[in-house]
1. Evaluate the range 291-306: report whether one residue or more is basic (Lys, Arg) and part of a strand (DSSP E or B).
2. Tell me which of these ASN169 doesn't satisfy, since it passes every other one: (1) open to solvent by less than 40 Å² (accessible area, probe 1.4 Å); (2) among the polar types (S, T, N, Q); (3) modelled with pLDDT under 95.
3. Of everything in the range 39-62, what is part of a strand (DSSP E or B), within 20 Å of ASN21 (Cβ to Cβ) and of a type outside the set (Ser, Thr, Tyr)? Give them in sequence order.
4. For the range 249-267, which positions are open to solvent by 60 Å² or more (accessible area, probe 1.4 Å) and part of a strand (DSSP E or B)?
5. What tally of residues in the range 268-282 results from selecting those that are open to solvent by less than 10 Å² (accessible area, probe 1.4 Å) and not β-branched (Val, Ile, Thr)?
6. Can you say whether ALA27 is open to solvent by less than 10 Å² (accessible area, probe 1.4 Å), more than 26 Å from TRP282 (Cβ to Cβ) and more than 20 Å from the chain's Cα centre (by Cα), as far as the supplied structure shows?
7. Give the residue, chosen from VAL291, VAL346, VAL351, that is of a type outside the set (Asp, Glu) and closer than 20 Å to THR46 by Cβ.
Amino acid sequence: MAYTTIDDPSAHFQTTLYTGNGSSGHAITNTGNSDLQPDWIWFKETSHGDNHLTSDSSRGVDEQLYPNANNSVDTDTNKLESFDSDGFTINDGGDVNQSSRTYVAWQWKANGGSTTTNDASATGVGSIDSVYQANTTAGFSIVLHTGTGSSGTIAHGLGVKPDWILTKNRTDNSTDWANYHVGLSSAEYYIVLNSNAAQVAGSSVWGDTAPTSTVFTVGGANTKNNASGKNYVSYCFAPIQGYSKFGSYTGNAADSGNFIYTGFKPAYVMIKGTGGSNNREWFIFDNKRDVDNPRDTYVKAESTDANANSDFADFLANGFKIRVNNASYNSAENFIYMAFAESPWVTSKGVPTTVIGSG
């Protein structure tokens, strides 16, 4: 079996930096080795405090959600104009295109906006109907469903078990983003994206049941992912060797922190503590806002704050090495992480791409 099936991760995920111009029709072109037409874009203004914003090609360009907030959908047509063959075009909306301000856009490829409708009673896959678009090569799918108010299962289209599922109620205000993550204590637990709170025990969210290769489970009539008649979107990720990994580590509270093996040189790492007494912010680091080790430029997923700096880790050819004794990501407690690759450690032909200590 090949070490990886993805020699060029930029065909499936890219981070792009740009400066706003305050005008409609502002086309942003990606700079990776491969062209990437994104299906999910997560925007954040980095020079000033402002909301995170996300759009996907299943819901369409006119429907946005805010990862740092519990709002229902925003249907402002002044944000995203189009998903393009190698990037995207934005309008003059402030969250994505204020003049002279800087932004980051993290982008994932699904299936070019082409969706599959799963009639659960007809296919026998799951018990709740869903519409999904899946990129099985890169382990990413976007799933839409309407809540039933009763526990059930939903097809995700990946063909392998997802390790991270991020779900948002699109209908109601004041409903949190719910995360399933393989690094939490068990499937009984969930953790909220728009909060620095610890993991929460609540079997009504994921039905105390881990996902399978075909479906994920939702609990009873909870607002986070299955209230009756409410519309939901879920972003599902399965680990792909040499491209993505989702896991956990226990900090050691030392200046020379843990080495976390991923099997690739990271392009993006998001981490969050799951318990304990310290603040548990969601820290997002990438290889574009900070090109040198140690990587220290971050934004927080639950916050409107602009870029900030605090030494975090070296991005190495096969993982990341924490370089600071910081309670936010290196106390002697559990942390979950989500990581995507700049390059695999070893190509599909068995050739190492970079030396282990490459920065």
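1. Initial filter on the range 291-306 (basic (Lys, Arg)): 295, 300.
In the following step, the residues that additionally are part of a strand (DSSP E or B) were identified as 295, 300.
The answer is yes; a qualifying residue exists.
2. Going through (1) open to solvent by less than 40 Å² (accessible area, probe 1.4 Å); (2) among the polar types (S, T, N, Q); (3) modelled with pLDDT under 95 one by one, ASN169 breaks only (3).
3. Keep residues of the range 39-62 that are part of a strand (DSSP E or B), which gives 40-45, 52-56.
Remaining after also requiring within 20 Å of ASN21 (Cβ to Cβ): 41, 43-45, 53, 55.
Result: ILE41, PHE43, LYS44, GLU45, LEU53.
4. Of the residues in the range 249-267, the ones open to solvent by 60 Å² or more (accessible area, probe 1.4 Å) are 250, 252, 255-256, 259, 261.
Once the filter is applied, which keeps residues that are open to solvent by 60 Å² or more (accessible area, probe 1.4 Å) and part of a strand (DSSP E or B), the range 249-267 yields THR250, PHE259, TYR261.
5. Of the residues in that region, 6 qualify.
6. Values: open to solvent by less than 10 Å² (accessible area, probe 1.4 Å): no; more than 26 Å from TRP282 (Cβ to Cβ): yes; more than 20 Å from the chain's Cα centre (by Cα): yes.
So ALA27 does not fit the description; no.
7. Values: VAL346 fails: closer than 20 Å to THR46 by Cβ; VAL351 fails: closer than 20 Å to THR46 by Cβ.
One residue alone meets the criteria, VAL291.
The values are calculated or read from the model by the stated rules, or taken from the named source; none is laboratory data. These numbers come from a predicted model, not from an experiment. Because the Cβ atoms are built from the backbone with ideal geometry, glycine has one as well, and the counts that use them run over all protein chains shown. With ligands, DNA and RNA removed, areas are computed over all heavy atoms of the protein, side chains included. Shrake-Rupley method; radii C 1.70, N 1.55, O 1.52, S 1.80 Å.
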